[in-house]
Amino acid sequence: MLSLEDIFPPFALRIRCGPVEMRVLRDDDLPELVELVRRGIEAPDLPMPFLQDWHKRPFAPGSPDGFPTTSLAWWWTQRATFGADDWRLALTVRRDGEIVGMQDLHANDFPQTRHVETGSWLGLAHQGRGTGTLMRQLAVGFAFDELGALDCGSGYIVGNHASAAVSRKTGYFENGRRRIVQHTAEGKVGVDEQRVLVTPATYVRPADRVVIEGAEALRRFLAIGH
């Protein structure tokens, strides 16, 4: 009988370095992920980091209008969007076996652009330990070494010095600002986003050995020549 990894190769992807491991989000991860969000993910002294304040929705399990139901569609959409022209990888980040955050990679028309966008967040209790930098370094290194990306982009709300530090430590450089809209319970809010970009020439690798499993099957699944 085929395994779930045979049927859906992204589930076989495994990226490890030191105490940190990243794998594609599975349904079995959701209860632990929900509890992580409930304990808080936004630092009170920093700008709201997301386009929507999904993490602030009322906790109402079993209700269609509250968290976590309001976030399930997004998590499942990331997992379900796979094709050569549009793909997303929503990776759970575990440190010493415990889910501490999420690291996303996504691309449009990757065979032509070789460009990947990255986004990430950590539970509040797990911030300030170097995990945010390591998970971003692992994601970018995977994009360069295993997928053949030419550059990786990201962005953070101006004033978010924690995200700026993670980007800098990974080798990103500033790549212009733009005005974007955040959707909050109080309505739409205009904020400035700092765009950043990292290339193989500027990329800063993790200090420890990186082990990657399942990359070849994922490349075939996404029709990526490497």
Legend entry - the stretch 104-118, residues that are farther than 23 Å from Glu213 by Cβ and within 13 Å of the chain's Cα centre (by Cα): Glu117
Inset, instruction - Can you tell me which residue among Phe110, Phe67, Phe59 is over 19 Å from Pro49 (Cβ atoms) and touching a Lys or Arg at 6+ places or on another chain (Cβ under 9 Å)? - result: Phe59
Legend entry - Residue match in the stretch 89-110 (condition: assigned to a helix (DSSP H, G or I) and either out of contact with any Cys (no Cβ under 6 Å at 6 or more places or on another chain) or crowded, with 21+ Cβ neighbours inside 10 Å (or both)): yes
Legend entry - Output for the stretch 164-189, where each listed residue is small (Gly, Ala, Ser), surrounded by 14 or more Cβ atoms within 10 Å (Cβ to Cβ) and touching a helix residue (DSSP H, G or I) at 6+ places or on another chain (Cβ under 8 Å): Ser167, Gly171
Inset, instruction - Find the residue count for the stretch 121-152, including only residues that are under 12 Å from the mean Cα position of the chain (by Cα) and more than 19 Å from Ala207 (Cβ to Cβ). - result: 2
Legend entry - Evaluation of Gly101 against (1) under 11 Å from the mean Cα position of the chain (by Cα); (2) small (Gly, Ala, Ser); (3) closer than 17 Å to Phe82 by Cα (one fails), failing number: (3)
Legend entry - Residues located in the stretch 192-226, provided they are touching a strand residue (DSSP E or B) at 6+ places or on another chain (Cβ under 7 Å) and modelled with pLDDT under 95: Leu222
Inset, instruction - Name the residue, out of Asp45, Asp53, Asp85, that is under 22 Å from Asp29 (Cα atoms) and acidic (Asp, Glu). - result: Asp53
Legend entry - When residues of the stretch 190-223 are limited to those that are of a type in the set (Lys, Arg) and farther than 22 Å from Ala162 by Cβ, the one surrounded by the most Cβ atoms within 10 Å (Cβ to Cβ): Arg219
Inset, instruction - Just give me the residues in the stretch 33-85 being part of a helix (DSSP H, G or I), out of contact with any Leu (no Cβ under 8 Å at 6 or more places or on another chain) and touching a residue at least 12 places away in the same chain (Cβ under 8 Å), in sequence order. - result: Val34, Leu36, Val37, Arg38, Trp54, His55, Lys56, Thr70, Ser71, Trp74
Inset, instruction - Sort out for me the strands (runs of 3 or more DSSP E) sitting completely within the stretch 169-225 that have 3 or more residues that are of a type in the set (Val, Ile, Thr) and under 19 Å from Phe50 (Cα atoms). - result: 173-184, 187-198
Inset, instruction - Please verify whether the stretch 65-86 includes one or more residues that are of a type in the set (Lys, Arg), at pLDDT below 95 and within 17 Å of the chain's Cα centre (by Cα). - result: yes
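The values are calculated or read from the model by the stated rules, or taken from the named source; none is laboratory data. Keep in mind that what you see is a predicted model, and the values were worked out from it rather than measured. Reconstructed Cβ throughout: ideal geometry from the backbone, glycine too, with neighbour counts over all protein chains shown.
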